[in-house]
Amino acid sequence: MTSVSDTDAMSWTKDEPAKARVPWHQRLQPANLLWLFLAGILVVLIIAPMWTLVISSFTDAKTGGWTLHNYAEAYGKERHITALTNTLKMGAAVVVLKLLFGVPLAWACSRTDMPGRNFVRYSVFGAFIMPPYLAGVGWILLAGPNTGWINKIWHALTGSTEPLVNIFSFGGLVLVTAIGGFFLVFVLVSSAFEMISSEMEDAANILGAGPFKTAMKVTFPLVMPAIIGSALLSFLGAIALYGVPALISIPARYPVVVIQLTEFFSFPLRLEVAAAYSMPLLLITAALLGLQKLILRRKGYVSVSGKGGERRIVKLGKWRWVLFTYCLMVVSLAVVMPFLVLLLAAFSQSWTTGFSFDNFTFGNFHYVLFEHSSSRRALLGSIGLGIAAATVAIVLALFIAYIVQRRLLPFSGVLAFLAVSPYVVPGIVLAIGFYAAYALPPVALYGTYMIMALAFITRFLPIAFTTSSAGVRSIHPEMEEAVRILGGGRTTALRHVVGPLLKRTLAGGWLLIFVPAAQELSTAIFLVGPTTRVVSVVLLDLSEEGELEKLAALGSLLLIIIVAVVAVGMKYLGRDFMLRRS
Amino acid sequence: MKHVFSYVAGFVPALVLAAGIAGAAEMTDGEKQLYEAARKEGSVTWYVSQTTTEFADGMCNLFEKKYAGVECNVVRASGQVIFQRLVQELQAKAVQGDLMSTNDDGQMLQLKEQGALAQFAPENLKDMVPVLRDMADKEHYWITSGVSPLVIAYNTKLVTEAEAPKNWTDLTDPKWKGQVAVGHPSFSGSVGLWTILMNDLYGWDFFEKLEKNAPQIGRSVADGHNLVVSGERKVALAPLPLILSDAATKKAPIAVVYPTDGALLPPSATGILKDAPHPNAARLFENFLLGPEIAEYFSKDYRYPLRAGVPLAEGMRPLDSYKTRSIETTEGISKLPDIQEKFRDTFGI
Amino acid sequence: MDGLVLRKLGRRFGAVDAVLDFDLHIKPGEFVSLLGPSGCGKTTTLRMIAGFIDPTSGSIELDGKVLSAPSGSVPPEKRGMSMIFQSYAIWPNMTVSENVAFGLNLRKLPAEEVRARVGAVLETVRMSHLADRYPAELSGGQQQRVALARAVVIRPAVLLLDEPLSNLDANLREEMRFEIKRMHDEFRITSVYVTHDQGEAMVTSDRIAVMNNGRLEQIDTPYALYSRPKTRFVASFIGRTNFLSGIRGNSMIDFAGFSVPFAAIGEEMTGGGPITVSIRPQAMKLSATEMAKDKTINLPGSVKQSSFLGETWDYVFQSREGGLQFRVAAPPADVFPVGTPAWLQIDPAQIVPITD
Ligand SMILES: Nc1ncnc2c1ncn2[C@@H]1O[C@H](COP(=O)(O)OP(=O)(O)O)[C@@H](O)[C@H]1O
Ligand SMILES: [Mg+2]
């Protein structure tokens, strides 16, 4: 076969083995090309848009030359700077509120004998399913200054004509943003609470600390890393959110960065200035995540470890009802109240009239399902994009996690870094990057579902990657080696063994992506084309025309579909999949 | 579209006329040719900020009914937003819209100057109300596709006719503090023109005072009437047809004030894009906009029909019976950017 | 050359040579064990044969065809081998018969034949009645049988086993040794078996390759390894032994207190220099009196320590002249209290010169 086999006939001890070669076609593993291809996809999804974004922020729109002018234009106006500082203030206030909501609920549900823990858990889960802009609309119905239900009741009770609460205010903006995201605090902090063994608390008890002191001195410090982590994520989520400011901050006349970005994105389009203006969001995010690493690396924050011991719940006595009342208040604010008014509005001819037989109608549903020009297609589009983004992201992430874990390529670590890096890119900034890189010729993906799907996949790749890589890590490499030695390639191993073994893990990750992807607004807002609108965008348009009843109907339909998908998923996965850390 | 049917009774004669035309399917030769070509193209995509989504959907349905086999896609957004989209597409050389209808004819002029529009003189021009026809581009780059005066709406449950504002400057009266709603000139085309008009009439002082009244600022001009109907705001800047149709068809507590210092009359304009993916369908549609079905549909919904001889809806005042003002097209274009910036500075958003 | 050939095989991890200059020729149908202490490079060698690791020097050939070389290797899936893993690596998402059929299906065999062969092999490993179970429903030993069936059913060119029994308890381990031996006798698959347990290696193997520090120490049949170890490492790793240092004279080796002629040892030797020999405890005998037998070496001395191990006595004997200490194994009936004078008889044919 080769020259080597000829020399075999001679004495084999005198051979020079260094010259032995395996012909290239026998060495070839087609899977190796796949790994390279996947690495290429990451470049397309992540590096190219972000690179284009940074480059275009230094590019003169007319000449194409290098310039700092975009930065001068982006930051040269007091109003633009105000939007930045407003955003930071809003973000900080949102963090405080989210922690006030999330941490006590997490503690109550995981470590106490408070009644109704499951009800609270499900309600918090409802907050995950309810998109922030729908909660925002619910709150406009509740706390519009003159006709919001709360104010009307207040007026009726007191005879006052001044609003009790005004959603179109800084406070309103903060409240609605906070209720739209505190479930993340709840999930992260709950799982931290669940890892603390009671022995650590007992140790403090024995030394004479009462239950309250123990909680303050022992329990909470131990969940501090989770609290810090979730506070950072809350901040990042709050400053990057688009839907709620679009609804509230314009009437409230409280400009924030995302709204300012839409100004640059309106006529005349100043893409390069938008790019320059989005740099602080990017830098703040990167800096905060760096800071988190730094804080957590310090000693003293390491003790919440895997197994923990037995966990006992704290007996609260009569305080359990106080705590329950607080939890009830939080979930009412976050889910129950906005959801109920939305539902009411969806079946009303006019939401202000209140609940009466005359006012009842199916007309809004009929309208959005059969008359409105784009809502049906948008529903299909949203669900389709959700499915596509979740599926592709999970499959892609599985392959990448596999490459990284099995070190199939040199610099696998870089791949891992790339896969989680979209995490630091706010959705709206990501959209600008995608627009700059792919909307215009030569790629010219403007107005296609493709560009949105790509952006969504990128946006949710970090969730997919963390899920998949934990999964792959849990599989003994010999499971795959057994496939390979029997004659299957790596792809066979992935398809027949790794994939099926990770089915549940991957399905859980899929749901965690599908839910936000089907509702995604921030990334969609600059990427939708005339015929590729998604529900979130249609909802925003309806809000712009003030058609709140129809909006409520369409929003309810979206919720119903998402809940149905999640319900199927939970039946298959057990209801705990949300509480597993991602 | 229920309001379409609930007002059938009042328009029997017109309806019979319309039905006769549609039923006979008597198309002119030119129309037939266009229809054939449009059918091959299969669809038309209509960018519209001129009307609400609901109303535009209704127009599209009429079109599809008349010209079976040509699908009509509505893409509705507020004026500046849809214009921005289109400019984006022109830049990307990926034009997806076939024609655009806007309340700001300045946008048409800019598109024309960019060479983005196609010339087309629809057959139905001959039947138009001459005044309206003459508001359009002389070289037929766009037609006038409607007139919706911007007026003041007030809530009749919360405000008596006597209390209601009489003119624009009344909106700055401190008694309306927290009770006014206006749109944003950076989002809405017609609000852009209205802002120019107010500045021309009263100087920027008008907005300084208005700001003290803490108006609710929406993105589109189309939500003002909804805010008034719900009672969230007592008075608002709103397009006339939306107010009249709310009052009449929904029995909503809303009424019109024709400001004594002049309603803004922005001629709505429709033009076909040079790179339209479906040029023939676009032409067919533009011609249809000036046809009897739309005139009928407009009239039923308290809009001014574009065709001569179509009666106005009950309770609707003829255009020349009250004072209106317009902004010169070129003037609008030159003043808008500054006005938008000033508005943002004053209102902080 | 037929069979599996490793030539000057080496693998370096960073600065460490996990395997170095490893030469081995395994004949078709032969069962060879790689035996050595943990960390000596057995797994690395086996995984190089399987194709999971590329060598950094040397090469691997099968039936004259190069499989591995530093410049690149045939991937595992194209080698036609199979392997039994320490963790069994039975796929939990497939039933027993699906596990076993997997390799056959990859070879696109007709369904009929797959069914027949799976049935037959499950019969052989006595697992037919559990064919539709999932691995989670099997005991460790049963899983091991499935792994065995899955590996042999494809009739691999080479069967590789990496400490397959180390996760089983002692009884099962005993049983499975013979199971593996039986399978080999039945199918005659060229096999490479990695273990650190000499008992396992002895039972199963035609030949044993003893490894130390990444190098091959000696390869031989189990009996030869025991009776004629070539190195100090092999002598001490396989069984227990006594090491004696001596000086080579013209025709004799001189130890402290006695000498043995070259001829009696039965190995060609030239004179001069120090030498070490290994004498197994079983190669000697204790008696109360001197036994005047031809060629047998008789040394007077006394018993220093004794422990009774059940099947044998383990004595420490010290010679009077030279003060040499020997560990000696004796049958239970030969009782020598500590301190008793005694004679030690050594069979010179069982004195084995070794290298250090
Ligand atoms: N992937 C690796 N990277 C670095 N060193 C390794 C690797 N695999 C094995 N080694 C080292 O090579 C030596 C031999 O390992 P191994 O073949 O597993 O030994 P055995 O199977 O005989 O116990 C050990 O010192 C081990 O630490
Ligand atoms: Mg090993």
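Since every read-out is calculated from the coordinates, none of them should be taken as a lab result. Being a predicted model, the structure only gives us computed values, none of them experimental. No Cβ is skipped: glycine too gets one built from the backbone with ideal geometry, and neighbour counts run over all protein chains shown.
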| request: Using Cβ-Cβ distances only, list the Cys residues of the protein assembly as shown with no partner cysteine under 4.7 Å, sorted by number. | output: A:Cys109, A:Cys327, C:Cys40
| field | Rg(Cα)/(2.2 N^0.38 Å) for the range C:240-354, N = residue count | value | 1.05
| request: Could you list the trypsin sites (Lys or Arg not before Pro) in the range A:394-474 that lie in coil according to DSSP, counting only those with at most 12 other Cβ atoms within 10 Å of their Cβ? | output: A:Arg407
| field | Furthest towards positive pole of dipole, A:Leu42, A:Val538, A:His80, structure part chain A, Cβ charges | value | A:Leu42
| field | Selection of trypsin sites (Lys or Arg not before Pro), the range C:74-158, meeting DSSP coil and at most 16 other Cβ within 10 Å | value | C:Arg107, C:Lys108, C:Arg126, C:Arg133
| message | If I fit a long axis through the Cα atoms of helix B:240-249 and take the longest principal axis of the Cα atoms of chain B, what angle between them do I get, 0 to 90°, rounded to 10? | response | 90
| In degrees between 0 and 90, to the nearest 10, how far off the longest principal axis of chain A does helix A:48-57 point, with axes built from Cα atoms? | 60
| task | Provide the percentage of antiparallel DSSP beta bridges, counting only those with both residues in the protein assembly as shown; round to the nearest 5. | result | 70
| Extension reserve of the A:Thr63-A:Val568 stretch, reckoned as 0.36 nm per residue once the Cα distance is removed | 176.3 nm
| Calculated FRET value between C:Arg188 and C:Thr221, using beta carbons and R₀ = 25 Å, to 0.05 | 0.90
| query | Rounded to two decimals, what is Rg over Rh for the range C:26-135 when you use alpha-carbon atoms and the Kirkwood radius? | reply | 1.03
| request: Compute the FRET efficiency between B:Glu71 and A:Lys318 as 1/(1 + (r/R0)^6), taking r as their Cβ-Cβ distance and R0 = 56 Å, and round to the nearest 0.05. | output: 0.25
| What are the GluC sites (Glu not before Pro) within the range C:163-269 that DSSP puts in a loop, where the Cβ has at most 13 other Cβ atoms within 10 Å? | C:Glu267, C:Glu268
| request: Calculate the tail of P(r) for the protein assembly as shown: the fraction of all Cα-Cα distances greater than 50 Å, expressed in %. | output: 49
| Kirkwood estimate for chain C, i.e. one over the average of 1/r between Cα atoms, Å | 23.0
| Two-decimal Rg/Rh across chain A, once Rg and the Kirkwood Rh are taken from alpha-carbon atoms | 1.03
| task | Can you tell me the 0 to 90 degree angle between the C-alpha axis of helix A:375-405 and the longest principal axis of chain A, rounded to 10? | result | 40
| Computed label-point distance, nm, for sites C:Lys295 and A:Thr161 using a 7 Å Cα→Cβ extension | 13.0
| field | Shielding of C:82-89 by partner chains, average beta-carbon count, 10 Å | value | 5
| said: Can you tell me, using C-alpha contacts under 8 Å and at least 6 residues apart, the relative contact order of chain C as a whole percent? | reply: 15
| Separation of the A:Thr82 and C:Asp63 label points, Cα + 7 Å toward Cβ, nm | 8.4
| said: Please report the equivalent ellipsoid semi-axes of the range A:366-582, computed as sqrt(5 x eigenvalue) of the Cα gyration tensor, largest first, in whole Å. | reply: 35, 21, 14
| field | Sequence-separation-based contact order of the range C:240-354, relative, with Cα cut under 8 Å and 6+ spacing, percent | value | 31
| query | Could you give the distance between the Cα centres of the range B:71-103 and the range B:197-231, to the whole Å? | reply | 26
| task | Estimate the FRET efficiency between C:Ala349 and C:Glu123 by the formula 1/(1 + (r/R0)^6), using the beta-carbon distance for r and 45 Å for R0, to the nearest 0.05. | result | 0.40
| Radius of gyration and Dmax over the Cα atoms of the range A:72-168, both given in Å | 18.7, 58
| Which semi-axes, in whole Å and largest first, does the equivalent ellipsoid of chain B have when worked out from the alpha carbon gyration tensor as the square roots of 5 times its eigenvalues? | 33, 24, 16
| Whole number please: convex hull volume per residue of the Cα set in the range C:150-210, in Å³? | 83
| request: Let me have the 222 nm mean residue ellipticity of the protein assembly as shown computed from DSSP H runs of 4+ only, each contributing -39500 (n - 2.57), with the sum over all residues rounded to the nearest 500. | output: -14500 deg cm²/dmol
| task | Compute the length gained on full extension between A:Lys213 and A:Arg407: take 0.36 nm times their separation in residues and subtract their Cα-Cα distance, giving the result in nm to one decimal. | result | 65.0 nm
| request: Taking the dipole about the Cα centre of the protein assembly as shown, with the C-beta of Lys and Arg at +1 and of Asp and Glu at -1, give me whichever of C:Leu309, A:Ser474, B:Leu273 is farthest to the positive side. | output: C:Leu309
| said: Quick check: pseudo-label points 7 Å beyond the Cα along Cα→Cβ at C:Asp2 and B:Lys323, how many nm apart are they? | reply: 11.5
| request: With N set to the residue count of the range A:73-348, report its C-alpha Rg divided by 2.2 N^0.38 Å to two decimal places. | output: 1.14
